[in-house]
Amino acid sequence: MGERVHKLAILGMTCDGCSSRLKKVLEANPDVLDAKVSHVKDSGVIITTENLTTDNVIVMVNSAGFIASD
């Protein structure tokens, strides 16, 4: 099974707590293998199975209350 790497700009994270919460939300999805998000860089690198597209990941981030784009 292959992996996909999604590099996103993520707005709305203002502290470490925001980054931690988003990481937990993303990694709760079984198709998310790893999530590194940074409020300092307003970005994230999310590694998923091939089952998720970048659009799927963007919807997950936006549903968590942040604004993502690729």
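The values are calculated or read from the model by the stated rules, or taken from the named source; none is laboratory data. Keep in mind the model is a prediction, meaning the values are calculated, not measured. Please note: Cβ atoms are built from the backbone with ideal geometry, for glycine as well, and neighbour counts cover all protein chains shown. Calculation scope for accessible area: heavy atoms of the full protein, side chains included, ligands and nucleic acids excluded. Shrake-Rupley method; radii C 1.70, N 1.55, O 1.52, S 1.80 Å.
Points to keep in mind about this one:
- So Ala9, is it open to solvent by 10 Å² or more (accessible area, probe 1.4 Å) and touching a residue at least 60 places away in the same chain (Cβ under 8 Å): yes
- Residue-level check: of (1) free of Cβ contacts under 8 Å to residues at least 12 places away in the same chain; (2) crowded, with 19+ Cβ neighbours inside 10 Å; (3) not charged (D, E, K, R), Leu26 misses just (1).
- Residue in region 32-70 that is nearest to the chain's Cα centre (by Cα), counting only those that are among the charged types (D, E, K, R) and surrounded by fewer than 15 Cβ atoms within 10 Å (Cβ to Cβ): Lys36
- Enumeration of residues in region 34-54 that are assigned to a loop (DSSP other than H, G, I, E, B) and under 15 Å from Leu22 (Cβ atoms): His39, Val40, Lys41, Asp42
- Residues in region 13-23 that are open to solvent by less than 50 Å² (accessible area, probe 1.4 Å) and under 15 Å from Ile67 (Cα atoms): 4 in all.
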